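What follows draws every value from the coordinates through simple rules; no lab data is involved. Every value quoted in this text rests on a predicted model; they were computed, and no experiment measured them. So basically every Cβ, Gly included, is an ideal-geometry build from the backbone, and we count neighbours across all protein chains shown.
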C-alpha cells in the first residue's frame with residue numbers, strides 16, 4: 001500500500017514539473033466543500049447492529065488540469081477529506097402527560113489525505129462558455145487522525161465528547177477507491193469557476209479482525225465549488 005501512495009505522489013510531482021513546459025492550457029485550481037461519508041454494512045450484521053448514517057465533514061483540494069486532447073485532460077489532486085459514518089439511537093421517555101425524547105449520536109470521523117488521479121472528459125467544445133464534464137479514476141488515501149465523537153440529544157444537544165482512534169491491527173489507515181462524478185465549469189475572468197459532485201467507492205476493508213472478515217468499506221458523496229486558472233504560457 002505504501003508503494004501505491006509513493007507512486008501517486010511521484011506522479012503528482014511529475015505533473016508539477018510539467019508546469020514548466022510549453023502547455024498553454026494547464027490549469028491549477030482549488031476546490032472546497034462538504035463530504036457525506038458512510039460505510040457499507042455486512043449483510044450478516046444487518047439485524048444485529050444499528051443503522052449507519054452519513055456523517056458530514058469538510059473536503060478541500062489542490063488540483064491540476066492537464067489537457068491530453070481537445071476534450072480529455074488529466075486531473076491529479078491532493079485533497080483533505082473527512083470520512084466516516086454515524087450511529088443514532090433514541091427512545092421516548094413517558095413522563096405522564098409529557099414525552100421526553102432521549103437519544104445519542106455517535107460519529108466515527110477519519111481525517112484523511114487523499115490522492116485521486118482522475119481523467120476529465122469535457123462534454124462540449126473547449127470554446128464553450130459553460131462546460132459540463134465527467135471525472136473518473138482511482139484514488140488512494142491515508143488516515144492521519146481519527147476520533148469517535150458522541151453527543152447526547154434531548155430538548156437540547158450536549159457538547160461533544162471526543163475519543164481518539166488508535167489505528168493499529170484492527171482499523172486500517174489505508175484505502176484504495178474509485179472516484180466518479182459530474183461537474184460544470186464556467187468562464188470567470190482569466191480562469192474558470194466550477195461546481196462538482198462526486199461519489200467515492202472504497203475497496204479496502206476498514207476493520208481487520210484475525211478470524212472474521214467484516215465487509216465494512218468507506219463510501220462518500222461530496223459536493224464542492226472551486227476556481228482554476230491557467231499557468232505557464234498562455
Exercise. Going by how many other Cβ atoms sit within 10 Å of their own, how do 196, 77 line up, fewest first?
Worked result: 196, 77
Problem set entry | Distance in nm between pseudo-label sites at residue 170 and residue 125 (7 Å out along the Cβ direction from Cα) | 6.0 nm
Problem set entry | Separation in nanometres of the label points that stand 7 Å from Cα toward Cβ, at residue 30 and residue 157 | 2.7 nm
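Given a Förster radius of 22 Å and the C-beta distance between residue 69 and residue 223 as r, what FRET efficiency does 1/(1 + (r/R0)^6) yield to the nearest 0.05? Don't skip to the answer; put the middle values down first.
Working: r = 28 Å, r/R0 = 1.27.
Taking R0 as 22 Å, the efficiency between residue 69 and residue 223 is 0.20.
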